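Asker: Below is the structure I would like to discuss, written out as structure tokens.
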Amino acid sequence: MHSNHFARHAQQVLTVAQGKATHRYGPGADPSIARSWVRCLKDYHLDPAQPMAPTVLEHARVLESRERLQQVLTIADVEMNSLHQQLSGGNAVLLTDARGVILSCVTEPAERKIFERAGLWLGADWSEAREGTNGIGTCLVERQSVTIHRDEHFRGRHTGLTCSASPVFDPHGDLLAVLDVSSARHDVSRQSQFHTMALVNLSAKVIESSYFLRHFEDQWLLRFHLQARSVGLFSEGLLAFDGEGRVSALNQSALNLLSAGRADLVGQPVESLFDCSLGELMSRAAPDAATSWPLRTRDGRGFFAVLRGQSRPVLKAFSAPVVVKPVAPPALSGICLGDATLQTDFRRALKVFERDVPLLINGETGSGKEAFAKAVHQASQRAGRPFVALNCAAIPESLIESELFGYRGGSFTGARKEGMRGKLQQADGGTLFLDEIGDMPVALQTRLLRVLEDRLVVPIGGEPQAVDVRIISATHRNLLGRVEDGSFREDLYYRLNGLEIALPPLRDRSDKPQLMDFLLEEEAGGHPITIDAQARQALLGFNWPGNVRQMRNVLRTLAALSEDEVIRFADLPHVIRYQQAANQAADMTEQNDSPLDCAEREALMAILEAQRWHMTHAARELGVSRNTLYRKLRKHGITR
């Protein structure tokens, strides 16, 4: 029976590796699995049908390997036990070195024999070159998180396992270890592994961050994030620098936040990155830094930070800091472009718009799609020509055709005697902004496509007229999903999508303080209104589900009600004051929780918000039952 199974599995591996697979789904459908199978055959010369036992290192060599990674093992021990408690029975939590040798294992004593029979024991070499495609070995090669489910393993003898593994990197970006959760249960589905994989990733990040903090105990360590309450959590940026102020190391989150590569930053003066001198930075240091403070980069991006180290007073005589000239955002009215990513997207959009390439702007409701489109128009060579906007979702379907194309006088009952020029004609020589294009009726989409192809407008009851118009579209919907369900024409989608710009929601923008000041100045009408520190913190910490539009409306109301030109915490809307109190309570809860509990809470909140608190969808995304989801929400005290 086993030999037949091994033979069938081996044939499947060979079929996929030779590029002859015909199924879109199945073990070989994942490109990373197919790549691994090819490596196993061509590079390692392994036989998928051969039931070889794993290679196990001698006891002395295992002890030597554990000694080399003693600090990592000490850190990982707590997280591995916590992770094992988070998971249901039938799982082994493993940690390997950078070669794939298992150095630590956490499992139920009664289940230990099951995993040892599967080859998961201390000292076993699970590198890809030894055991073929598997969670540990393939994670080492791909340098990213992987799940290898049952038949996706290369060797037939491992097809009873499901393994989810995540890499752990050292402060210099080199592979340090692999954290893996393996299950020998037959009822484990690939979908159920989404939740397991998320927990493994979070645990690996906690181990990675803890190792970074210990590794640089004798240096200054800057911890920073876009949000004040995220400083100290696994997603924070970590940057170590020496006594001379030169960068020693950064974690991947720091590189992402600074939008730079490791080679570009290591060895550079830390004051070349941030808008303050080294002395000013060190004066904020504390051995047990806890309270974050605002920190800006040289190019104007804002973070919140704490600095671990011995505080030094600011010296009057100090060498001049290295100044990096900031990239000035475009000088435009009506829009704030302090976010570096937004600046880049604006320049790309303007460049293609000048070549008559249509723009498609995607973003949540209220994120500033029309303001962005208008800014592109104002910065282009068509700035002196009309900018005409049409909201396809705000006009009844029966009227949108006449609004867009116009009509000749007397062409239908109720038509004006002189007729009406449509939006396309009004925008002749300029720009037409089609907001919420995803809500345009299908029949009208056909006519719009013809206009874009022929550059001719046919008013209702009239004759064709030539128009010179450039199109910018916007939507908060998933247009590709609408193409798939037939409610949006595929050819029109590709005609409008010359370049797609994804506007970030307000909660993710790095220029939130700058944007708030910009909007307040506009809404104050020239009056010098200020916001006190407590109110400012509450406004910046608010989630802003309505994005820029909501922030503008709140600031407009606050400016109008301000009697002494100062906005205080008590003046803020109740919902903002309530969230500030909730954030502070959550911060206190997170300080008492383990890092893994904090990470799980963050992951749950992220998925709930992404699924708009639809519990069934959230449970399906996590791969758990609704009862399990509700149990975890009660555990973390999460309520809507």
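Asker: With viscosity set to 1.567 mPa s at 4 °C, what whole-number translational diffusion coefficient in µm²/s follows for the range 154-272 from Stokes-Einstein and a Kirkwood radius over Cα pairs? Before the final figure, lay out the partial values.
Answerer: Working: Rh = 16.1 Å.
Diffusion coefficient, whole number: 80 µm²/s.
Asker: Then there's this: Could you give each residue of the range 193-199 its phi-based ³J(HN,Hα) in whole Hz, using Karplus coefficients 6.51, -1.76, 1.60 with θ = phi - 60°, and x for Gly or Pro?
Answerer: 7, 4, 5, 4, 5, 5, 5
Asker: What do you get when you divide the Cα radius of gyration of the range 216-308 by 2.2 N^0.38 Å, with N the number of residues?
Answerer: With N residues counted in the range 216-308, Rg over 2.2 N^0.38 Å equals 0.95.
Asker: For the range 27-138, what value does the Rg/Rh ratio take when both radii are computed over Cα atoms and Rh is the Kirkwood radius, given to two decimals?
Answerer: The Rg/Rh ratio comes out at 0.99.
Asker: If I stretch the segment between Arg68 and Leu87 completely, what's the gain in nm (0.36 nm per residue apart, minus their alpha carbon distance), one decimal?
Answerer: Roughly 3.9 nm would be gained on extension.
Asker: Would you pull out the residues with amide H under 5 Å of Asn391's amide H, same chain only if 5 or more places away, H placed 1.01 Å from N?
Answerer: Amide H neighbours of Asn391, under 5 Å, 5+ apart: Asp435.
Asker: Sequence gap at least 6, Cα distance under 8 Å: using those rules, report the relative contact order of the range 216-308 to the nearest whole percent.
Answerer: Here the relative contact order equals 31 percent.
Asker: Continuing with this model, one more query. 7 Å from Cα along Cα→Cβ at both Leu399 and Ser189: what's the point-to-point distance in nm?
Answerer: Here the answer is 4.8 nm between the modelled labels.
Asker: For Tyr578 and Asn478, what does the FRET efficiency come to when R0 = 41 Å and r is the distance between their Cβ atoms, rounded to the nearest 0.05?
Answerer: 0.85
Asker: Taking the 0 to 90 degree range and rounding to the nearest ten, how far is the long axis of helix 626-636 tilted relative to the main principal axis of the chain, both from C-alpha atoms?
Answerer: Relative to the chain, helix 626-636 is tipped by roughly 90 degrees.
Asker: Taking Rh as the Kirkwood radius computed over C-alpha pairs, what is the Stokes-Einstein D of the range 506-582 at 20 °C in a medium of viscosity 1.002 mPa s, expressed in µm² per second?
Answerer: 173
Asker: Using only Cα atoms, tell me the angle between helix 70-86 and the longest principal axis of the chain; keep it within 0 to 90° and round to the nearest 10.
Answerer: 70
Asker: May I pose another question? Need one number: nm distance between label points at Ala110 and Arg620, each 7 Å from Cα along Cα→Cβ, rounded to one decimal.
Answerer: Going from the Ala110 label point to the Arg620 one covers 3.5 nm.
Asker: When the helices in the chain are scored as -39500 (n - 2.57) per DSSP H run of 4 or longer and the sum is shared across all residues, what 222 nm value do you end up with, to the nearest 500 deg cm²/dmol?
Answerer: Computed mean residue ellipticity for the chain: -12500 deg cm²/dmol.
Asker: Students often check this: by mean Cβ neighbours within 10 Å, which of 144-150, 573-579, 345-351 ranks highest, and how do the rest follow?
Answerer: Result, highest mean Cβ count within 10 Å first: 144-150, 345-351, 573-579.
Asker: Over the chain, calculate the relative contact order: mean separation of alpha carbon pairs under 8 Å at least 6 apart, over the residue count, as a percent.
Answerer: 9
Asker: Residue-wise, which Karplus ³J(HN,Hα) couplings in Hz belong to the range 41-56, taking 6.51 cos²θ - 1.76 cosθ + 1.60, θ = phi - 60°, and x for glycine or proline?
Answerer: Here the 3J(HN,Hα) series is 7, 8, 8, 9, 6, 8, 10, x, 8, 7, x, 7, 6, x, 6, 10 Hz.
Asker: Evaluated at 20 °C with a viscosity of 1.002 mPa s, what Stokes-Einstein diffusion coefficient in µm²/s does the chain have when Rh comes from the Kirkwood expression over alpha-carbon pairs?
Answerer: 75
Asker: Continuing with this model, one more query. Placing +1 at every Lys and Arg Cβ and -1 at every Asp and Glu Cβ, with all other atoms neutral, what dipole size does the range 45-131 have around its Cα centre, in debye to the nearest 20? Walk me through the numbers before you get to the answer.
Answerer: Numbers: 8 positive and 13 negative charges, 20 e Å.
Computed about the Cα centre, the dipole is about 100 debye.
Asker: Note down the relative contact order for the range 506-582 as a percent, whole number, built from C-alpha pairs under 8 angstrom at least six residues apart.
Answerer: For the range 506-582, the relative contact order is 39 percent.
Only the coordinates and a few stated rules stand behind these numbers; no lab work does. The model shown is predicted, which means the values in this text are computed figures rather than measured ones. Don't worry about glycine lacking a Cβ; one is built from the backbone with ideal geometry, like all the others, and counts go over all protein chains shown.
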